[in-house]
Amino acid sequence: MDKKIIRLSKSRIGDQEKKAVLKVLENEFLGMGEEVKTFEKELSHFFKRQAICVVNGTSALQLALQAIGIKSGDEVLVPSLTYLASFQAISANGAKPIPCDIDQESLIIDINDAKKRVTKKTKCIMPVFYSGGVGNLDKIYKFATDFGLRVVEDAAHAFGTKYKNKLIGSFGDISCFSFDGIKNITSGEGGCVVTNDKKAISALKDIRLLGIENDSEKRFENKRSWFFDVKEQGWRCHMSNIMAAIGSVQLKRFETFSIKRKNLAKQYDSNLYSESHIKLIFRDYKSVVPHIYPIRLDKMVSRDLIREILAKKGIQTGIHYYPNHLLSKYRSKFISLPVTEKIFPELLTLPLHPDLDDKEVEYVCEELTKAIKQNFN
Ligand SMILES: *Cc1c(COP(=O)(O)O)cnc(C)c1O
């Protein structure tokens with residue numbers, strides 16, 4: 001009865017990552033230095049634009065917003081169906097997250113709904129690339145241009161995803177990525193901001209290190225500033241050498257992770273496509289690298305019961321995400337988001353990570369469809 005648990009998500013760490021960390025430990029330069037400089041260079045090469053590494057994806061979003069001047073009183077349009085991090089990154093700047101509805105099919109921010117929520121205070125839109133999909137990005141950018149808004153992409157799910165053959169992060173205004181333990185690549189924790197905006201880059205380099213002017217360059221040479229000026233609120237949000245060493249190895253392995261994730265998601269699609277009571281969220285895996293694999297269950301199917309049955313079979317599942325506009329901090333009686341409120345109770349996330357194999361996906365699909373058939377027909 002001792003069954004292997006099929007985890008919802010997990011990191012994939014091998015000997016190379018372990019060796020890279022050991023090397024940093026042996027050098028005894030643990031903070032931000034050469035490894036971070038190298039990882040940043042590799043990421044910049046990957047995206048063909050400047051990448052700035054920070055301590056996690058949440059701070060990537062928070063600092064990116066600060067770097068483009070989002071401040072107290074400003075409003076930022078953001079889909080409610082996202083990780084709490086998107087909302088907290090906005091409110092950390094004193095700005096107000098304005099929860100928006102999503103498109104039924106793509107589950108990406110609905111521009112027609114966002115349009116209705118624009119006020120004089122709206123400064124920015126934060127699209128969230130849920131599960132790796134990006135929706136109609138041209139429409140999002142056209143809307144931003146029409147209303148004079150900045151775009152800070154929450155691309156935490158979309159590392160490696162392409163839109164019209166262009167890598168997310170390689171174009172557009174500002175893209176923010178997360179390298180937390182379960183993302184498409186990890187650096188332990190970690191994240192980065194990618195942009196062409198020189199002013200934002202220069203601001204980010206300082207505010208990740210308490211706002212100390214030009215400290216980033218010194219740290220890269222294993223030095224630090226003793227005399228300096230500070231003009232802005234900064235944070236201790238830099239990346240460490242230990243993290244960057246893991247990240248560099250993971251970036252080299254990304255192509256294999258990507259193929260694995262795509263193939264597993266395609267296998268789920270073809271196994272579940274014709275099952276009753278299940279609705280798939282369509283993604284084109286030629287261009288999308290899936291971070292999670294959510295499906296929708298018919299309203300008549302009890303998600304709780306299905307999760308319970310699967311858990312007994314050793315299968316972890318998740319719910320991405322509890323809508324942020326329902327949280328006390330962000331709630332308002334004036335906000336109603338019919339699509340989000342309709343779809344959220346139907347969402348169920350199935351296991352997806354590069355350590356899964358075909359047989360395990362087969363097993364998950366079998367147990368899921370069996371549980372539905374036995375209880376809801
Ligand atoms: C993971 C994630 C973040 C935040 O990244 P951390 O590295 O965990 O801080 C932000 N938004 C979304 C949608 C995420 O999934």
> Where does the chain land at 222 nm, in deg cm²/dmol rounded to the nearest 500, when only DSSP H runs of n ≥ 4 count, each adding -39500 (n - 2.57), divided by all residues?
Replying inline: -12000 deg cm²/dmol
>> Taking the Cα centre as origin and putting +1 on Lys and Arg beta-carbons and -1 on Asp and Glu beta-carbons, what dipole magnitude results for the chain, to the nearest 20 debye?
In response: 440 debye
> What's log10 of I(q)/I(0) for region 126-246 at q = 0.21 Å⁻¹, Debye sum over Cα points only, no solvent?
Replying inline: -1.21
> Going toward the positive end of the dipole of the chain, with +1 on Lys and Arg Cβ and -1 on Asp and Glu Cβ, which of SER9, ILE201, PHE159 do you reach last?
Replying inline: ILE201
>> Among DSSP bridges having both ends in the chain, what percentage is antiparallel? Round to the nearest 5.
In response: 60 percent
>> On a 19 Å Cα-Cα criterion, which of the cross-link pairs LYS41/LYS205; LYS183/LYS312; LYS96/LYS120; LYS71/LYS96; LYS71/LYS123; LYS10/LYS342 come out too long?
In response: LYS183/LYS312; LYS10/LYS342
> Contour minus end-to-end for LYS139 and ASP15, with contour as 0.36 nm per residue of separation and end-to-end as the Cα-Cα distance?
Replying inline: 40.3 nm
>> Helix 241-272 against the longest principal axis of the chain: what's the angle in degrees, Cα atoms only, rounded to the nearest 10?
In response: 20 degrees
>> Under a Cβ-only charge scheme (Lys and Arg +1, Asp and Glu -1), can you give me the dipole magnitude of region 300-377 about the Cα centre, in debye to the nearest 20?
In response: 580 debye
>> Sorted from largest to smallest, which semi-axis lengths in Å does the alpha carbon gyration tensor of region 308-377 give for its equivalent ellipsoid, taking the root of 5 times each eigenvalue?
In response: 31, 15, 10
>> Under the rule a/c < 1.5 gives rounded, and otherwise a/b versus b/c splits prolate from oblate, where does the chain land using the Cα gyration tensor?
In response: oblate
> Counting Lys and Arg as +1 and Asp and Glu as -1, what is the net charge of the other residues whose Cβ lies under 10 Å from the Cβ of PRO338?
Replying inline: -2
> Roughly how tilted is helix 198-207, in degrees to the nearest 10 and between 0 and 90, from the longest Cα axis of the chain?
Replying inline: 90 degrees
>> Quick check: residue separation of LEU305 and GLN233 times 0.36 nm, minus the Cα distance between them. What number comes out in nm?
In response: 21.1 nm
> To the nearest 10 Å², what's ASP298's accessible area with a 1.4 Å probe?
Replying inline: 70 Å²
> If you line up the long axis of helix 358-375 against the longest principal axis of the chain, both from Cα atoms, how many degrees apart are they, to the nearest 10?
Replying inline: 50 degrees
>> So if the hydrodynamic radius of region 251-345 is defined as the Kirkwood radius over C-alpha pairs, what does Stokes-Einstein give as its diffusion coefficient at 10 °C and 1.306 mPa s, in µm² per second?
In response: 100 µm²/s
> Is the shape of region 1-129 best called rounded, prolate or oblate, per the rule: a/c under 1.5 gives rounded, else a/b larger than b/c gives prolate, else oblate, with a ≥ b ≥ c the square roots of the Cα gyration tensor eigenvalues?
Replying inline: oblate
>> Counting other C-beta atoms within 10 Å, and keeping those with at most 16, which DSSP coil GluC sites (Glu not before Pro) do you find in region 6-37?
In response: GLU28
> Can you pull out the trypsin sites (Lys or Arg not before Pro) in region 141-243 that DSSP calls coil and that have at most 14 other Cβ atoms within 10 Å?
Replying inline: LYS164, LYS223, ARG224, LYS231
> Largest first, what is the accessible-area ranking of ARG7, ARG331 with a 1.4 Å probe?
Replying inline: ARG331, ARG7
> From the phi of every residue in region 96-112, what ³J(HN,Hα) in whole Hz does the Karplus formula 6.51 cos²θ - 1.76 cosθ + 1.60 yield, where θ is phi - 60° and glycine or proline is x?
Replying inline: 10, x, 9, x, 10, 7, 10, 6, 3, 8, 8, 6, 9, 3, 8, 5, 5
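The values are calculated or read from the model by the stated rules, or taken from the named source; none is laboratory data. Quick caveat, the model's predicted, so the values are computed rather than measured. Because the Cβ atoms are built from the backbone with ideal geometry, glycine has one as well, and the counts that use them run over all protein chains shown. For the accessible areas, the whole protein counts, side chains as well, though only heavy atoms, and no ligand, DNA or RNA atoms are used. Shrake-Rupley method; radii C 1.70, N 1.55, O 1.52, S 1.80 Å.
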